[in-house]
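Worksheet: one structure, shown below.
The values are calculated or read from the model by the stated rules, or taken from the named source; none is laboratory data. Owing to the predicted nature of the structure, the values given are computational and were not obtained by experimental measurement. Every residue, glycine as well, gets a Cβ built from its backbone with ideal geometry; the counts of neighbours run over all protein chains shown.
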Amino acid sequence: MSASAPPAAARDLDRRRVPALIRRISRIDDLGARVAAAGGLFLDAPYRPHPLGGGPDRPEAMNVDLDGFDCVTFVEYALALGIAATPDAFVDTVRAIRYRDGVVGWTTRNHYMTGWIRNNARAGFVRDCTGGSGLVERRRRLDAVPGLRARDVRVRAVRKRDFVRRLSETATGDIVFFASTRRRLDVFHCGILVVDGDGGVLLRHASRSRGRVVDQSVSSFLAANRMSGVLRVRPRST
């Protein structure tokens, strides 16, 4: 579906596709496990950069495309599928997750992930679990997105080594965000944690480098990427 399609097109698309997806995860009682299972439905789907399109000089459209993802849209669709019980509720939940107060617009889209976390915690979709030992704070000036007023923010994240040490605190379905070392960016990537039966932890994410949605050990992702720390939230029912 193109970025210029009207919101009704998104609703029609998901009336055809979403019911089967919801049915496949509907018997999972735990919300976090349901969110992770929803993400698992998209394993091997292609990575698609900038799937939402848009810009400051054009009307924003509600865009839902389940054929390819970047890391953010993958998380948003999995979270919305885990929460919603009907196709209409799915589309409405995506809108509420993606846009501040559910208002579709370029300036109300949660472009920066610190804003995504703050707004979705306030809306009741997630609970911020970032805290405890190893917490560090970095100042960032977010001015990389055209059409948005520059903002000075403080990014609170757990250091990589402390996150590894505290992996036992995580649960399947937790959403993790990896804090950037760049001064103009807060977060560079996100994904969903899956705790396997042997106590290992996987990162389920839309990987640019691998070109698709994959399961990857958290340890290998952390070893391969520089970061300022890790932020973690837990899905919750509104």
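Before moving on, here are some points about what is shown:
- Residue within region 129-141 that is of a type in the set (Val, Ile, Thr) and either assigned by TED's automatic domain parsing to the domain that holds Leu21 or part of a loop (DSSP other than H, G, I, E, B) (or both) present: yes
- When region 160-198 is filtered for residues that are within 14 Å of Asn225 (Cβ to Cβ) and part of a loop (DSSP other than H, G, I, E, B), the ones remaining, listed by number, are Ser180, Thr181, Arg182, Leu185.
- Region 171-212 - residue that is hydroxyl-bearing (Ser, Thr, Tyr) and farther than 16 Å from Leu79 by Cβ and, of those, surrounded by the most Cβ atoms within 10 Å (Cβ to Cβ): Ser180
Yes/no per residue for (1) of a type in the set (D, E, K, R); (2) closer than 19 Å to Arg234 by Cα:
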position	(1), (2)
Pro51	no, no
Ala84	no, yes
Asp101	yes, no
Asn110	no, yes
